[in-house]
1. When the residues of region 48-75 are narrowed to those that are surrounded by fewer than 18 Cβ atoms within 10 Å (Cβ to Cβ) and touching a residue at least 40 places away in the same chain (Cβ under 8 Å), which ends up nearest to residue 503 (Cα to Cα)?
2. Can you tell me which residue in region 284-304 is nearest to residue 331 (Cα to Cα), limited to those that are touching a residue at least 60 places away in the same chain (Cβ under 8 Å) and part of a loop (DSSP other than H, G, I, E, B)?
3. Quickly run through region 83-109 and pick out the residues that are part of a loop (DSSP other than H, G, I, E, B) and within 19 Å of the chain's Cα centre (by Cα).
4. Considering only residues that are in contact with a His (Cβ under 9 Å, 6 or more places away or on another chain) and closer than 19 Å to residue 253 by Cβ, which ones fall in region 454-512?
5. Within region 538-549, is even one residue surrounded by fewer than 22 Cβ atoms within 10 Å (Cβ to Cβ), over 22 Å from residue 167 (Cβ atoms) and touching a Leu at 6+ places or on another chain (Cβ under 9 Å)?
6. Take region 213-239 and flag every residue that is touching a Phe, Trp or Tyr at 6+ places or on another chain (Cβ under 9 Å), more than 30 Å from residue 498 (Cα to Cα) and among the charged types (D, E, K, R).
7. Residues that are farther than 30 Å from residue 726 by Cβ, at least 2 per element: which strands (runs of 3 or more DSSP E) completely within region 404-510 meet that?
8. Answer yes or no: is there a residue in region 105-124 that is acidic (Asp, Glu) and in contact with a helix residue (DSSP H, G or I) (Cβ under 6 Å, 6 or more places away or on another chain).
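The values are calculated or read from the model by the stated rules, or taken from the named source; none is laboratory data. Just so it is clear, the structure is predicted and the values come from calculations on it, not from any experiment. In this analysis, Cβ positions are derived from the backbone assuming ideal geometry, glycine residues included, and neighbour counts consider all displayed protein chains.
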Amino acid sequence: MKNLLLLLSAVLLMSSSNASTSFSEIFDSLTGRSASSSQSRVVTLPVVTLRGKHKAISLNHLNITVKIAGPIAQTSYEMAFYNPNDRILEGELKLPLLDGQSVVGYALDIDGVYRESVVVDRAKAKKVFENTIRQNIDPGIIEKTVGNNYKLRLYPIPAKGYKKIKVTIEELLYDQGDRYRYLIPFVSSQKIPNFSLHIEIASEDSPVIELSGAIKGEQFDQTKKGYFLNYQKRDIRLNKPIALSLEKQDHTRIYFQKNPKKNHNWFMAILPKEKSVERRSTTSHKKYETIGLIWDTSLSNEKRNRTKELAFLDRFFSEHKNTTYRVELETMDIDMHSQGSYKVTDGEWKRLRNKLETLRYNGAKDFSKLTVEKKAKYTLLLSNGLNTFSDRVKVQKDSPIIAISSSSGSDSDTMKYIAQMSGGKYLNLSQMSIADAVAKLSSDDIFHIVKSSASIYDIYTKELGESIVILGRIKGKTGSFVYNTSLGDHQLDVVNGIASDLLSRVWANSKIETLSMQHKNNKKKIIALSQKYKIVTRYTSMIVLDRVEDYVRYEIVPPRSLQKRYYALLKEKRREKQSEKKRALEESIALLNEQKKWYRTRFPVKQPKYKEEEEEGLGGDIAPVEPVMEASAAIAPSPSLRKQKKKQAKADQKMTIKLKEWNSNASYIQALKGVPKSKLIDSYFALRAEHKAEPSFYVDMADYFQKRGLKREALLILSNLLELDFDNSEFIRVFAFKMMEYHRYKQAVFFFQKVRE
């Protein structure tokens with residue numbers, strides 16, 4: 001009965017969030033939809049996906065503007081999409097970003113002018129967007145889904161017309177020793193009719209700039225403030241990512257941003273790592289160690305950069321030939337699975353490598369099941385960090401985990417949290433070279449702030465390749481702090497350094513990253529920082545509305561260009577609201593006075609005129625019956641009534657919700673008939689190759705496995721819905737309904753609540 005109450009609560013939650021669609025209707029709407037996400041270092045240029053069968057939306061214009069100032073890079077992507085169809089459409093654009101990149105701007109072309117977005121609570125943004133498109137008004141929204149994946153919803157995309165948007169991204173550049181590296185990771189096999197790239201580098205020096213990809217060989221022009229490059233080309237194919245490496249100064253640098261309103265400013269210090277970290281050399285005597293290796297095999301992890309991961313392991317074992325390892329291998333999806341022990345001697349790990357190369361990827365992932373081998377000195381965790389089956393992360397303290405990610409869109413917050421709480425390290429192979437990653441694993445990279453002067457506060461540190469970055473607030477223009485490394489204590493004086501107007505947001509982003517490692521406890525702080533500094537987070541979205549009246553209706557403060565009109569209309573709205581309240585109060589008082597007047601008025605009552613004759617049908621001998629006032633004993637129910645109540649009580653105890661079974665005649669289900677149980681999973685993987693992006697395939701397959709008594713396999717197959725298209729409410733809703741059908745009520749409630757969020 002308790003499970004049933006939980007279930008009914010979930011259904012009520014769904015109904016309160018416009019989720020009245022039946023299971024079969026939801027499922028029908030998903031059939032034929034495709035969902036994919038690019039998770040590798042090189043990312044396929046995002047395309048607009050549509051519901052239903054339509055001609056593809058094409059990217060007609062791509063204009064990229066890059067501004068680099070020291071280690072900070074800001075990139076704006078202006079995109080114009082063409083709709084060749086004869087009807088207005090709504091589309092989605094998925095944007096997987098690299099670790100450290102964040103969305104700080106979104107604008108929509110309205111009547112030929114870009115209108116900037118504003119940051120609002122994510123749930124409110126979604127509600128406003130849905131309500132606005134129902135009125136055929138032009139809204140735009142960008143939201144963060146899971147990990148560092150973003151989704152843009154575009155409406156309307158005009159028939160035979162263009163939809164223009166602009167997305168702005170900020171990041172701190174990775175330090176490769178003597179150079180900063182900048183990357184535009186997008187590639188495309190399709191021609192882009194109109195392409196342009198503008199790069200500005202603020203520098204008083206004469207750095208050596210190297211280019212690769214489509215702009216290899218292009219030359220920068222010099223100005224008083226630095227260098228710039230303009231590049232334009234028609235019908236271009238971006239076969240390789242566009243990369244830039246910039247020579248940097250090899251000494252400590254201080255950057256400074258003055259707060260125009262208060263004397264609480266921002267600073268950033270860049271320290272070369274050589275001053276703070278000394279790498280250990282490997283010892284010559286033979287050693288024996290047990291280490292753990294957890295390999296994430298959930299579906300989305302198939303897109304990790306496994307080539308680089310295997311190269312990392314190869315380098316690691318070859319640099320530690322003097323150590324004989326016993327590697328305890330486990331795979332992870334919605335459970336942990338032991339894959340046995342593997343001995344690595346003199347750097348030879350062929351047997352382990354063969355096993356890793358033949359692993360198959362399937363289902364979602366549940367970090368609440370994370371466990372490590374107790375005897376292991378440390379455990380290597382190779383994962384994208386996306387916790388799609390749960391919202392809990394289990395970490396055993398004093399059992400160090402080396403959390404390693406290699407793909408764009410990874411959830412670095414979760415990976416950093418696992419590393420930090422376990423006493424391990426976080427390695428990002430999408431930014432680091434293999435040599436640097438192996439060196440960091442073997443190094444004593446001690447760095448922490450020991451103390452600071454009273455003027456310095458709210459300090460955050462991060463490692464970017466060969467540099468340590470310290471970001472903080474400072475009262476006034478001077479201060480100092482002491483930091484400790486493996487070489488001892490060092491003092492750094494913070495003075496008014498190189499001016500930068502981007503520091504405040506870089507500092508806020510670093511604070512959000514730190515808070516996000518325990519985001520549930522810090523939700524209010526994250527939202528406040530996000531709205532103040534205009535950064536998209538897991539709890540906030542950016543939205544653009546067409547009319548100032550829409551901003552007034554939902555009381556969302558618009559961009560500065562509309563604020564004068566907004567506040568005038570808002571004042572009028574509140575005045576009208578106050579007048580309505582006053583009018584309603586006056587009407588209520590008037591009505592009350594009328595009622596009082598009526599109540600106090602004496603109305604004359606006319607006496608009826610009776611005939612003095614006996615009424616027909618009344619006998620003079622019959623006396624009136626007086627009511628019996630004595631208490632009487634309760635009347636016992638009849639035997640038939642008792643039997644009926646007992647039957648109803650049993651029915652209440654057994655009450656369940658029965659969903660109509662989905663019967664599929666799909667060819668892939670027919671192909672499984674006659675296949676023995678032991679071979680079903682192999683057949684599933686063989687058939688999946690052709691239907692990988694079809695949600696209906698996983699639902700049908702899960703039902704079939706469930707019928708054959710393979711319940712665990714059915715659940716794992718069904719959980720692929722959670723990995724196909726991150727944060728897709730329709731997919732999650734289907735999964736929740738199926739959890740009800742499989743009598744997994746707690747999980748059904750969890751995912752229904754997730755849809756509501």
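1. Initially, region 48-75 is screened for residues surrounded by fewer than 18 Cβ atoms within 10 Å (Cβ to Cβ), giving 49, 51-56, 58, 60-61, 63, 65.
From what's left, touching a residue at least 40 places away in the same chain (Cβ under 8 Å): 49, 58, 60-61, 63, 65.
Numbers: 49: 36, 58: 36, 60: 34, 61: 31, 63: 25, 65: 19 Å.
By that ranking, first place goes to 65.
2. In this case the residue turns out to be 297.
3. In the first step, residues of region 83-109 are kept if they are part of a loop (DSSP other than H, G, I, E, B); the result is 84-88, 97-101.
Selection gives 97, 98, 99, 100, 101.
4. Correct list: 461, 473, 474, 482, 483, 485.
5. Checking region 538-549: at least one residue is surrounded by fewer than 22 Cβ atoms within 10 Å (Cβ to Cβ), over 22 Å from residue 167 (Cβ atoms) and touching a Leu at 6+ places or on another chain (Cβ under 9 Å).
6. 233, 234, 235
7. Values: elements: 425-428, 447-452, 456-464, 467-475, 479-485, 488-494.
Here the list reads 447-452, 456-464, 467-475, 479-485, 488-494.
8. From region 105-124, those acidic (Asp, Glu) are 109, 111, 116, 121; that's our starting set.
Cutting the leftovers down to in contact with a helix residue (DSSP H, G or I) (Cβ under 6 Å, 6 or more places away or on another chain) gives us none.
No, because not a single residue in region 105-124 is acidic (Asp, Glu) and in contact with a helix residue (DSSP H, G or I) (Cβ under 6 Å, 6 or more places away or on another chain).
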